[in-house]
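Working notes, structure below.
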Amino acid sequence: MNLEEKQLKKEYMYKGKIINLRRDEALLPNGKTAIREIVEHNGGVCVVPLDDDGNVYMVQQFRYPYFKVVTEIPAGKLEKGEDPLEAGKRELKEEVGAIAQNYVFLGELYPSPGYCGEIIHMYLATGLSFCDTDPDEDEFLEPVKIPLKTAVDMVLKNELADSKTQAAILKAYLLMEKGE
């Protein structure tokens, strides 16, 4: 069965600093058309920084859309054409003041594939050494250290609601359990 849709028209409704919003007309596999509203985003990166004692370094940050503080792993948006690994290294240093010797790619995450084109690239970082943090001037963070197993339990209890944090923590845990 053919599941692909074909873009017939593309109209930008908004172009912003972080996202663009467009309205497309799409040709469906059955020959009918439908409207698709799409959020364009350059993508992001997240890193699970894991020390030799099995602790994960996360940050607590006020997230405006939810009007609450959220605990999550270091992450950030990609600039257009930026290498995800290099962005991950930058975010790790800026947010928790860590530099890693080793990075393992954990895969890609599509946060909301029904309407958003964002792709988040996930990494596990080990062999950590620490320096000063260097957050962006509009970024206010509180670093926290949590044992990886505790972080997994927090995911299962919905105490870590951020999707990238959930996926990356669980992937990192399973990878470490397998000894890879």
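Every read-out reported here was derived from the displayed coordinates using simple, explicitly stated rules and does not represent laboratory data. Treat the numbers as computed from the prediction; the structure is a model and nothing was measured. All Cβ positions, even for glycine, are placed from backbone atoms using ideal geometry, and neighbour counts span all protein chains on display.
Quick one: plug the Kirkwood hydrodynamic radius of region 71-180 (C-alpha pairs) into Stokes-Einstein at 4 °C, 1.567 mPa s, and report D in µm²/s.
87 µm²/s
If I stretch the segment between residue 115 and residue 17 completely, what's the gain in nm (0.36 nm per residue apart, minus their alpha carbon distance), one decimal?
33.5 nm
What is the spin-label model distance, in nm, from residue 163 to residue 8 if the labels are put 7 Å beyond Cα along the C-beta direction?
Taking the two extended label points, one gets 2.8 nm.
How do the peptides 131-137, 12-18 rank, highest first, by the average count of neighbouring beta carbon atoms within 10 Å per residue?
The peptides rank, most packed first, as 131-137, 12-18.
Using only Cα atoms and rounding to the nearest 10 degrees, what angle (0 to 90) does helix 163-178 make with the longest principal axis of the chain?
Here the helix axis deviates by roughly 50 degrees.
If amide hydrogens are placed 1.01 Å from N in the peptide plane, which non-local residues have theirs closer than 5 Å to the one on residue 97?
Residues meeting the criterion, in which the H sits 1.01 Å from N, are 134.
Taking N as the number of residues in region 1-133, what is its Cα Rg relative to 2.2 N^0.38 Å?
Compactness ratio reported: 1.31.
If you filter region 74-112 for trypsin sites (Lys or Arg not before Pro), then keep DSSP loop positions with at most 15 other Cβ within 10 Å, what is left?
Loop-located and lightly packed - 80.
Determine the gain in length on full extension of the stretch residue 145-residue 101; use 0.36 nm per residue of separation and subtract their C-alpha separation, reporting nm with one decimal.
14.0 nm
Considering only C-alpha atoms, what is the centroid distance from region 75-121 to region 56-73, in Å?
16 Å
Based solely on its DSSP helices, what 222 nm [θ] is calculated for the chain when runs of n ≥ 4 H residues each add -39,500 (n - 2.57) and the sum is averaged over all residues, nearest 500 deg cm²/dmol?
Result for the chain: -6500 deg cm²/dmol, rounded to the nearest 500.
Just check region 1-45 against the gyration tensor rule for me: Cα atoms, a ≥ b ≥ c as the square roots of the eigenvalues, rounded for a/c under 1.5, and otherwise prolate or oblate depending on whether a/b exceeds b/c.
Taking the square roots of the gyration eigenvalues as a ≥ b ≥ c, region 1-45 is oblate.
Note down the nm distance, to one decimal, between modelled labels 7 Å out along Cα→Cβ at residue 126 and at residue 37.
4.5 nm
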